[in-house]
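The values are calculated or read from the model by the stated rules, or taken from the named source; none is laboratory data. Treat the numbers as computed from the prediction; the structure is a model and nothing was measured. Every residue, glycine as well, gets a Cβ built from its backbone with ideal geometry; the counts of neighbours run over all protein chains shown.
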Amino acid sequence: MRIHDTLSRKTVELEPRERGRVSLYVCGVTPYAPAHVGHARTAVVYDVLKRHLVHAGYEVRHVSNYTDIDDKIIRRARENNEPPLELSARFIREYQEDMIRLNIVPPDVEPRVSESIGDIIDLISLIVANGYAYVTGDGVYFAVRKFEHYGRLSGRSVDEMRSGARVEVNESKDDPLDFALWKFARPGEISWVSPWGEGRPGWHIECSAMSLRYLGAGFDIHGGGEDLIFPHHENEIAQSEAALGPGHFAKYWLHSGLVTMSGEKMSKSLGNITGVRELLAMYPGQVLRLFLLQTSYEKPLKFSLAGVEQAFGSYERIVEFAEFLRSSLPNSAGESKAEVRDLAAKLQSEFDASLDDNLNTSRAFASLFEFMTGVRKAATEGVLCRSDLEELERSLAGVLNVLGLDQTAEYAEHKRMGLARKAGALLELSDYLGIAPDAGVNVASVLQGIIDRRQLARTAGDYALADQIRERLRAVDIALEDGADKVRYRING
Ligand SMILES: [Zn+2]
């Protein structure tokens with residue numbers, strides 16, 4: 001497999017340090033708020049990388065952290081009058097639930113800062129002993145100028161970075177680029193005992209400590225979102241090499257692109273719906289997953305509900321195709337056809353080749369859709385025999401498993417409720433009507449909000465608007481029946 005390594009700026013052959021094994025560290029979330037679609041993208045991208053490597057025969061060890069204590073968590077916890085570690089534990093649970101819905105295979109280890117303080121202190125001690133850190137009145141700082149390779153990952157010179165560094169209130173640092181390894185606690189703040197004084201770790205040190213602890217001094221791939229290249233990953237390299245010497249940290253650096261908001265007009269009332277929870281309330285997790293994978297991981301991804309709706313259509317095609325293969329009656333007298341077997345072989349080789357080429361998921365999807373078209377065509381030309389059908393089903397299942405698109409239960413539920421692919425239209429109508437839905441958006445509540453609004457219009461004698469709403473609902477196969485006491489709705493299609 002070839003991967004684009006941020007550090008060498010080249011696309012290189014992945015050569016793990018140990019044959020047949022890949023160690024992978026991915027920076028996790030700071031759980032102080034619900035996850036947004038950017039977090040989901042990072043999780044889905046590295047999940048597919050892992051699935052692909054496992055499919056190729058590697059044993060993968062995957063570690064991803066939770067920054068369960070930091071300034072933002074402490075601030076929010078104070079606002080909520082809640083202990084900080086309880087707040088972060090709550091959002092970690094939520095995040096894990098979201099990840100299950102996105103069909104993410106959980107990492108092998110998910111260390112938390114609050115449970116890794118010993119490892120963090122040991123690592124800082126090494127850095128201090130090697131002369132790369134100094135103690136001030138408010139903490140222990142890493143001396144960037146002492147580390148000669150600083151800036152190698154982001155490709156910037158120290159002078160350039162220094163001029164761009166924010167001027168901070170903190171005057172105790174020797175250099176604006178220096179960063180905290182340990183912060184002394186202010187009165188009343190959560191803290192741990194350390195050789196330098198009571199306090200808590202700075203942000204960057206945890207990822208060095210946890211990756212080295214769970215993957216060893218020298219592992220294969222370090223991943224994360226592109227926004228972490230500077231300063232977070234730059235600092236991780238500096239800390240780790242200052243402690244252990246060169247060559248004892250990550251061999252390859254992978255970065256997934258950011259999610260940007262598209263220019264589409266979004267509802268003022270609904271706000272920009274980019275929370276994973278809100279999206280999962282309206283769409284099956286598999287649809288969101290497909291949406292996130294259609295764009296290759298390094299590219300920026302433009303988020304729009306229209307894009308998710310489109311992904312819903314693609315997902316529906318895949319589900320229907322799988323159903324078509326399952327329900328096709330084999331011709332017992334038919335013979336296996338070479339052209340059918342070729343379609344299966346072609347899918348497998350093209351799919352693998354696409355992912356081997358720096359995880360090109362968008363091309364992998366193109367191979368899948370081409371395969372589906374080819375099989376449909378072959379099926380119209382003659383009845384498929386049992387062994388061919390089985391072969392096609394096996395190939396499809398293998399591909400869907402690597403993409404993590406092999407769970408149909410949620411989709412079946414949307415379909416059963418008759419609400420599959422109606423979220424986009426309902427959100428649009430609700431926006432048009434200026435309805436601000438309650439917290440806890442879901443498709444059913446958006447629909448109910450629209451029906452209630454129509455009732456209001458009727459009561460006020462605005463029959464034109466009431467009729468218009470009825471027509472727009474009818475356009476998406478939702479029929480309204482005005483009863484004596486209440487309005488019923490029937491969902492068709
Ligand atoms: Zn990190």
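Contact map, region 272-298: residues that are free of Cβ contacts under 8 Å to residues at least 12 places away in the same chain paired with residues that are not acidic (Asp, Glu), Cβ distance under 9 Å, separation 6+ or inter-chain. Pairs shown: Asn272/Met261; Asn272/Met266; Asn272/Phe303. Kindly evaluate Phe291 against the criterion of being among the aromatic types (Phe, Trp, Tyr) and within 28 Å of Ile229 (Cα to Cα). So Phe291 fits the description; yes. Taking the residues in region 409-431 that are of a type outside the set (A, V, I, L, M, F, W, C) and modelled with pLDDT of 90 or more as candidates, determine which candidate is surrounded by the fewest Cβ atoms within 10 Å (Cβ to Cβ). The selected residue is Glu410.
Scanning region 203-213 for residues that are away from the ligand (no atom under 11 Å from the Cβ) and surrounded by fewer than 22 Cβ atoms within 10 Å (Cβ to Cβ) gives a single hit, Arg213.
With the condition kept exactly as written, say whether any residue in region 129-148 is at pLDDT 90 or above, within 16 Å of the ligand (Cβ to nearest atom) and surrounded by 15 or more Cβ atoms within 10 Å (Cβ to Cβ). Yes, some residue in region 129-148 is at pLDDT 90 or above, within 16 Å of the ligand (Cβ to nearest atom) and surrounded by 15 or more Cβ atoms within 10 Å (Cβ to Cβ). Restricted to region 377-493, the set of helices (runs of 4 or more DSSP H) holding at least 2 residues that are within 30 Å of Leu102 (Cβ to Cβ) comprises 386-403, 409-417, 423-432, 443-459. Taking into account only those residues within region 345-369 that are aliphatic (A, V, I, L, M) and under 18 Å from Leu405 (Cα atoms), which is surrounded by the fewest Cβ atoms within 10 Å (Cβ to Cβ)? Of everything passing the filter in region 345-369, Ala366 is surrounded by the fewest Cβ atoms within 10 Å (Cβ to Cβ). Screening Gln348 on (1) free of Cβ contacts under 8 Å to residues at least 60 places away in the same chain; (2) within 26 Å of the chain's Cα centre (by Cα); (3) not in a helix (DSSP H, G or I) shows it passes everything except condition (3).
Taking region 175-202 as the range and being surrounded by fewer than 20 Cβ atoms within 10 Å (Cβ to Cβ), within 28 Å of Ala250 (Cα to Cα) and either charged (D, E, K, R) or within 13 Å of the ligand (Cβ to nearest atom) (or both) as the test, only Asp175 passes.
When residues in region 214-237 are screened for being away from the ligand (no atom under 11 Å from the Cβ) and in contact with a helix residue (DSSP H, G or I) (Cβ under 7 Å, 6 or more places away or on another chain), 2 of them pass.
Rundown of residues vs (1) over 27 Å from Glu234 (Cβ atoms); (2) buried (at least 19 other Cβ atoms within 10 Å of the Cβ); (3) of a type outside the set (A, V, I, L, M), yes/no style:
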position: Gly28; (1), (2), (3): no, yes, yes
position: Arg41; (1), (2), (3): no, yes, yes
position: Val44; (1), (2), (3): no, yes, no
position: Ser64; (1), (2), (3): no, yes, yes
position: Asp68; (1), (2), (3): no, yes, yes
position: Ala77; (1), (2), (3): yes, yes, no
position: Pro83; (1), (2), (3): yes, no, yes
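Counting the residues of region 300-344 that are among the aromatic types (Phe, Trp, Tyr) and in contact with a Lys or Arg (Cβ under 7 Å, 6 or more places away or on another chain) gives 1.
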